[in-house]
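A quick write-up on the structure given underneath.
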Amino acid sequence: MTSVADSVAGPVPADAVAAPAAARPRADAVTFPVAGTERELRLDLFRGLALWLIFIDHLPPNILTWFTIRNYGFSDATEIFIFISGYTAAFVYGRAMLEQGTLVASARIFKRVWQIYVAHVFLFTIFLAEISYVATSFENPLYSEEMGILDFLKQPDVTIVQALLLKFRPVNMDVLPLYIVLMLFLPPILWLMQRRADMTLALSVALYALTWEFDLYLSAYPNGVWAFNPFAWQLLFVFGAWCALGGARRMSRILSSPVTLWISVAYLLAAFWVTLTWYIPQIHHLLPKVIEQWMYPINKTDLDVLRFAHFLALAAITVRFLHKDWPGLKSPWLRPLIMCGQHSLEIFCLGVFLAFAGHFVLAEVSGGAWMHLMVSISGIVIMSAAAGLFSWYKRVATKGGTRAKSADADFAGGGA
Amino acid sequence: MRSIGRLTLMAGLLVAASARAEAPVVQSCEVPAYLLTSESTLPKVAAAVKPGGKLNILVVGSRSSVIGVSDSTSAYPGRLQEILRDKLPGVEVNVSLELQPKKTAEELAPTLGKLVDERKPNLVIWQTGTYDAMRQVDAEDFRNALDEGVGAMKTAGTDVLLMNLQYSPRTETMISGSAYLDNMRVVAQQHDVPLFDRFAIMRQWNENGDFDLFSPSPGAELAKRVHDCLGRALSTFVIDAAHVNPAELRIQR
């Protein structure tokens, strides 16, 4: 994270002074080389990676599933996605707040929230279409109980209204509502962060602690709670924002100390060992019962401390060994990942859609290990191709004139 | 190029599928040994399994414990009874089913102690989790309900065995079972009762190609074969957890 801060957070104030508002450097300033600083490709790389992993985890298990990080520790791609989203959102809109004022920046954030909301509703429509089809075509006595899940189709009025209120969220559609809520509160977070960064982070930690102490939650429809509790997950988002606005730079000494490195490595190895006992039950008895009772269940809904720590350890090691000027970041092999990361909202939605479609193909055409693998790989190819198309369009549109450029700014830098 | 490759692949799969259909009637549904053993034991079952003994098993379950609306003889409880009678000669095995569809664990838990008092089984197989997953019941409430239910039944004097959800690939985009699977494992460990991992077993069958659980309209035949295999696996699991050696029964007889 040290050099993330050097390159990204460093130039903010200097740039804000150097470029007066008349020049209108907007969100796209992050996208294009500005004042000798290049876009932080590592953020794009890992956000792209998170998108791929989320897609793979949403499909039925296959060989590729073994490459997703949730099999090797407590945290998974969601942590990466939310952290980087907080980081980029704070960076882009933090700069906008300095240059255009709090009001305009807030308006732009709300516009972004609206886009994400529309994307969510769009995905819900596709989901409805899919399950309505399943409901009418599927007749398997083995699963007569499970098919009861489709009962909600009998009252579309309630269901659709609850979906619009973000209370009814089908499986795999939990990330966007979380992101909508987090973005909705970004203006006050940013406002405070620019004045009292550490206090903002402290407040966030306090809210996280209160969530665990008093069991705060948002209820869902028909019952239960939000699968990702925003009261808890805001910690990652705010932490990302804090890092973007100079926190990472201030942490650089801690991050480069060997003690941090060894603690991180030890923790990652311990977590790996614990996850190993999930998959190889034969070694399950090697895990002391005391530790087991203390540790389980590892709560994803409320972002368990163990998960958060696992993410921190991963991030610390990544930042240490993967430098921002690593030449591999420019290699064509990583281009697809980076491009996916640069168009994250579009690619995320496409990923959710492709996961639905993948299930559909597997159900309608044929199952089998090979078909599973084919579906996963085709999905990743489609996501990369789409990202390439968006990049191309943006490049062409930008050349076309300044009007197109500013219209596209939110797409480029919004940072879903 | 790519689509040709996919076509041949699909053709290959079709051939494989039709070959499977022509295969002999005996269903292969092997289960890896680790899914059929448990560190927890069933002392009440062990005590009941003796020449001239009576083994009463009560299955408390939802609709996935029957086929269709209510057929329990060809579903796993009925199969379990027949297979256990076969494997345990000289023991009077009775498996009865308490069907409780559309009930969450929380609604069911307070009734279980009384149920055991009335029926006096040696073993209760509590099949649960599906309806809770469908309703997305709070995971912690679910865990507390399991805790309460298992505790009450053990106090009432029976062995308890937990059975988790079915593996249902078709509804995977709609029902997320992982939190419920995890919590059932946790409670089973806390109370030291065996957990029959129906989910992992059925997933294994699907992946090995023993059954095509994705199939949209396979008719009742597939369900019957799956339940027969579940009954078999369950009987092995119960005998293993009770540390009974059926061969000894034969000698004594």
*Unpartnered cysteines of the protein assembly as shown (Cβ-Cβ under 4.7 Å counts as a partner)?*
A:Cys243, A:Cys340, A:Cys349
*asked:* Tell me which DSSP H helices of chain A clear both cut-offs, 27 Å or more of axial length from alpha-carbon atoms and a mean Kyte-Doolittle hydropathy of at least 0.0.
replied: A:77-100, A:102-137, A:258-279, A:344-364, A:369-400
*Return the Rg/Rh value of the stretch A:137-216, two decimal places, where both radii are evaluated on C-alpha atoms and Rh is the Kirkwood radius.*
1.21
*Starting from the exponent 0.38 and prefactor 2.2 Å, build the expected Rg for the protein assembly as shown from its residue count and divide its actual Cα Rg by it.*
1.06
*If we restrict to alpha carbons, what Rg and Dmax does the stretch A:111-164 come to, in Å?*
13.9, 47
*Answer with one residue from B:Thr155, B:Ile175, B:Pro89: the one whose Cα lies farthest towards the positive end of the charge dipole of the stretch B:36-252, charges on Cβ with Lys, Arg +1 and Asp, Glu -1.*
B:Pro89
*State the answer as a single residue: which of A:Leu334, A:His359, A:Pro60 lies farthest towards the positive end of the charge dipole of the protein assembly as shown, with beta carbon charges of +1 for Lys and Arg and -1 for Asp and Glu, about the Cα centre.*
A:Leu334
_For chain B, size of Cβ-based charge dipole, Lys and Arg +1, Asp and Glu -1, in debye_ = 580
*asked:* At 0.36 nm per residue, and after removing the present C-alpha to C-alpha distance, how many nm does the segment from A:Ser219 to A:Arg195 gain when stretched out fully?
replied: 5.3 nm
*What's the center-to-center distance, using Cα atoms, between the stretch B:45-59 and the stretch B:80-141 in Å?*
16
*Estimated inter-spin distance, A:Trp262 and A:Phe67, nm [label 7 Å along Cα→Cβ]*: 3.5
_Exposure proxy order (Cβ contacts within 10 Å, fewest to most) of A:Met173, B:Met184, A:Met199_ = A:Met199, A:Met173, B:Met184
*Assigned charges on the beta-carbon of Lys, Arg, Asp, Glu; the stretch B:165-238 dipole about Cα centre (debye)*: 120
*asked:* For B:Lys102, give me every one of the lysines with a C-alpha distance below 23 angstrom, ignoring sequence neighbours fewer than eight places off in its own chain.
replied: A:Lys154, A:Lys167, B:Lys114, B:Lys224
*Note down the net charge around B:Asn164, summing +1 for each Lys or Arg and -1 for each Asp or Glu among other residues with Cβ under 9 Å from its Cβ.*
+1
*Specify the angular offset, from 0 to 90 degrees and rounded to the nearest 10, of the alpha carbon long axis of helix B:198-208 from the longest principal axis of the alpha carbons in chain B.*
30
*Dimensions of the stretch B:36-252 along principal axes (Cα, Å, largest first)?*
52, 36, 30
*Run the dipole for the stretch A:87-159 about the Cα centre, Lys and Arg Cβ at +1, Asp and Glu Cβ at -1, nothing else charged, and hand back the magnitude in debye, nearest 20.*
720
*So for the protein assembly as shown, taking the charge dipole from beta-carbon charges (+1 Lys/Arg, -1 Asp/Glu), which of B:Ala46, A:Phe168, A:Ala50 sits furthest toward the positive end?*
A:Ala50
_Label-point gap, in nm, between A:Val161 and A:Leu203 - each point 7 angstrom along Cα→Cβ_ = 3.4
_Expected 222 nm ellipticity per residue - DSSP helices of 4 or more, -39500 (n - 2.57), all of the protein assembly as shown, to 500_ = -19500 deg cm²/dmol
*Once you put a point 7 Å from the Cα of B:Ala247 and another 7 Å from the Cα of A:Val290, both along the Cβ direction, what distance in nm separates them?*
4.1
*Given the options B:Arg119, B:Arg232, B:Arg79, state which has the largest fluctuation in a GNM of chain B using a 10 Å cut-off (strictly under) for Cα springs.*
B:Arg119
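Every read-out reported here was derived from the displayed coordinates using simple, explicitly stated rules and does not represent laboratory data. Just so you know, these numbers come straight off a predicted model, no measurement behind them. When we count neighbours, we look across all protein chains shown, and the Cβ atoms used for this are built from the backbone with ideal geometry, even at glycine.
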